[in-house]
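To start, the structure itself, in structure tokens.
Only the coordinates and a few stated rules stand behind these numbers; no lab work does. Quantities reported herein were computed from a predicted structural model and do not represent experimental measurements. FYI the Cβ positions are ideal-geometry reconstructions off the backbone, even for glycines, and counts take in every protein chain you see.
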Amino acid sequence: MKRYGCDCIVRLVLHTPGYGKLVHRCSSYQAICPRRRKLAVIAALHLQRGGGMTNQPYSVHLSIASSAEIEHTARQLKVTREEFLATGILPQHPPRPMILESWRRCCAMQVNPSRRYAPLAVTHEVQLCHLREASQLLMHAARPVMSHLCDFLAGSGYVIVLSDADGCLLEVIGDTGARRRLAHIDFVPGGDWSEGAAGTNALGTALADGHVVQLLGAEHYCAGWQDLTCTAAPIRHPLTGEIMGILDVTGNYRLIRPFLSSFIAAMALQVQQEMRSLLTSTRKGEFQIAPFSSSRGTSSPAFAMNAGHKTGEEVPGTSTGDDIRSSLRMQERRAHSAALLAVAVSAISASLDREVTLEKIAEQTAHLLRLETASACLFGESGEMVSLHTWPKQYGRRSKFRHGLEALLPQSKAVSLIRERGEPVMIDDVLTSVILPAALPERQGVRSLLLLPLITARGVIGFILAPKRICYRWTVDDVLLGLTLAAHAATAIENAMLFTTLQHHTHHMEALREADRLKSRFVAAVSHDLQSPLTAIRASVEGLLDQGGVQSAQMREHLLHNIAGQASRLNRLVDQLLDLSRIEAGVLSLDRDWIELPVLIADTVTKFEELHSGWPVERDVAADLPLQYVDPDRLVQVLWNLLENARKYAASCTSIKVEARWTGNGVLIGVADRGAGIPADQREKIFQHFYRLERDQGTHTQGSGLGLAICQGIVQAHGGRIWVEDRPGGGSVFRFALPPPTASLSGPDPLEKTELIGEHGRMVTL
Ligand code: ADP
């Protein structure tokens, strides 16, 4: 609204529940033009949606794992920026919170978003010399670190930049091509890259908000540097904590690399450490800084050093015995840490199981940093904390500890710094920290804390938490060691996650292949099973027609019987297919009722005997079986199918036996025959749809391989299971077990049910 700069005569007031009134001030009623009214309404709606809240989840994240994602993100950011600049309010897909805050600051400072080059803070070499002289401690301390960075990033298209505390560039070194491009926008020593001068940019924004900043393309507020990516970290005075300058790496936007955030933060810490040793040496009077020579653009400050300064270029033959001894001790410490680090890295990379890897990371962090406990935590899709693993395990299981971490940390600024910026967080005394909840020391007994980001190509995926019970000044060595471990840890987690994804894909592919095989079998089986009765019907109909309808009554009756038989076979098959599709879709509904199982079995067997007179069925059914709460029709269907199979697959008139008894934890029903039995390796397969034993395929025994699959579906829908065993003396026994009714399956009369269950003891799952 501000950018329309209206006077205050007429007010357009929109009420937004929970946020009060949004007031649009204009010089006259006419001045509230439709566009402004629309903007005000959009703003109000946005506030209603919660867009005005700073802790709102943001939708434009840096998705930069692949070049396609970088391009997509860059395009999306362009749209977001244009929308923001056009409307002045929160865009539909807002950028990251720190970017939005910076854009708002730029708006307030009236930075021109169409800027194509930054203003110069100084225009003369002499002025530049003065500027550098004013930051000589910083420049001197940064020199070895920058030269290390230059070697590390050699040939990768990056420049390495140092600015002073006002955002004025002191040094720009590195890739020549990139430096040439940057010279066009006055990204040269003497250039002013504060936010107020150059809009949102890593240097200026890191200065403005005091934290690590990584920017991509159109996250830059000004149009002139939207083809760049930059990552910057503030360098603080080692004693006062005041920001002395900014260390930055800048290159083409396609070069954005998430790991650079914590890397530059670590480098900035090293500059701080260098400054500390320089200050100590200065106090001892061991070195002085020579005046600058003017060397704009490719500057390389000239320092003259006395004996004993441990950074930069050593002056040969000037070290004292003390320095050599302390340097040796430091080297020894570093060598020891490197050995421990090597062990830790092997330990955390040993497994491809994500949970085991997280446990190992916590354990190895604790070993490496000599801690009582440590934790590793991952962020979920929407940035919430998931998979918190603590070492030792019993520590993590203590509900107070776990609850505290899970409840207190997510809302803390410390975790949002990690999540949003990939910035390592060191807190020497939690009691004096403003970025952690005050309850943490009291509830958790944590007094100092190190939070190390876990960064992969996909961005920040989590963090390592290294707590101490006492106040502790974390050293740069601690942080560097921790960050190195964290870098390996992130790779190990990524590997484990990729492995899991790969496994899922493999299973999925296997399932798809199996589904394809089943489909082919299904099509073949259904076409065959539909074809044979249809052929038989057609033959009979043709038989009836052929002789001009003049057949003997006996023949006609025979043909009609044949048609009726084949039609009911078709009907059965269609019914079976429908049942199967219900079972597959998990929508087989049961019409349960309380039934007397012995009666149901007796009726079914009697009907079977009536239909197949040559097959007497032996019965062994316990008379005192409890009432069952089942679907009687479906249960008859199972029994009937087993009896039919016992008849179909055995020599005629061999004995069939039906038995039913209470086992103590359910009812067990069996149908035994004296057929050829089922080979052991086929006993599970015969319950798959369309599966028929080889010996039965192509024989006169009719069958579709669906009956047992449907029986299994019905029994499982009742919570039971079905299987086949050898029958002693030859043949097979098909058994199915049904569990007693559970409390959740309340029948029509709960009292009746309680009685029934009580009679047979507790309910047990089979
Ligand atoms: P269908 O009997 O229609 O082929 P089922 O699913 O009922 O289908 O049976 C699957 C296969 O299991 C049968 O084709 C047969 O090979 C075998 N089978 C089933 N019951 C028996 C049994 N009682 N004795 C021997 N083999 C059997």
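Points worth noting:
- Kirkwood radius, the range 608-749, all distinct C-alpha pairs, inverse of mean reciprocal distance: 15.9 Å.
- Karplus 3J(HN,Hα) series, Hz, for the range 642-654 with 6.51 cos²θ - 1.76 cosθ + 1.60 (x for Gly, Pro): 5, 5, 4, 5, 4, 6, 5, 9, 10, 5, 4, 6, 7
- At full extension, Glu133 and Leu502 could sit 127.1 nm farther apart than now, given 0.36 nm per residue minus the alpha carbon distance.
- By the count of other C-beta atoms within 10 Å, a proxy for reagent exposure, Phe379, Phe734 are ordered fewest to most as Phe379, Phe734.
- Taking θ as phi - 60° and the Karplus parameters 6.51, -1.76 and 1.60, the scalar couplings of the range 341-354 work out to 4, 4, 5, 4, 5, 5, 5, 7, 8, 6, 10, 10, 8, 4 Hz in sequence order, x denoting glycine and proline.
- Hydrodynamic estimate: the Kirkwood radius of the range 487-632 over Cα pairs, inserted into Stokes-Einstein at 20 °C and 1.002 mPa s, corresponds to D of 99 µm²/s.
- Nonlocal amide H pairs with Val621, under 5 Å, H built at 1.01 Å: Ala660
- Shown for Trp594, Trp193, Trp723: other C-beta atoms within 10 Å of each C-beta, ranked fewest to most, produce the order Trp723, Trp594, Trp193.
- By the count of other C-beta atoms within 10 Å, a proxy for reagent exposure, Thr365, Thr205, Thr604 are ordered fewest to most as Thr604, Thr365, Thr205.
- DSSP-loop GluC sites (Glu not before Pro) across the range 492-592, with at most 15 other Cβ within 10 angstrom: none
- One chain, two ends: Thr699 and Cys471. Fully extended at 0.36 nm per residue, the span grows by 73.6 nm beyond their Cα-Cα distance.
- Around the amide H of Arg721, modelled in the peptide plane, lie the amide H atoms of Ala737, all under 5 Å away and 5 or more residues distant in sequence or on another chain.
- Computed from phi, the 3J(HN,Hα) profile of the range 262-276 under the Karplus parametrisation 6.51, -1.76, 1.60 (θ = phi - 60°) reads 6, 5, 5, 4, 5, 5, 5, 5, 5, 4, 4, 5, 4, 4, 4 Hz, with x in place of Gly and Pro.
- Taking amide H positions as modeled 1.01 Å from N, with prolines and chain starts lacking one, the residues under 5 Å from Ala374 and 5 or more places away or on another chain are Trp391.
- Cross-link partners for Lys468 among the aspartates and glutamates, with Cα-Cα distance under 18 Å and sequence neighbours closer than 8 places in the same chain left out: Glu363, Glu372, Glu406, Asp428, Asp429, Glu442, Asp477, Asp478.
- Partner aspartates and glutamates for Lys657 [C-alpha distance under 17 Å; skip if fewer than 8 residues away on the same chain]: Asp603, Glu609, Glu610, Glu618, Asp620, Glu644, Asp673, Glu725, Asp726
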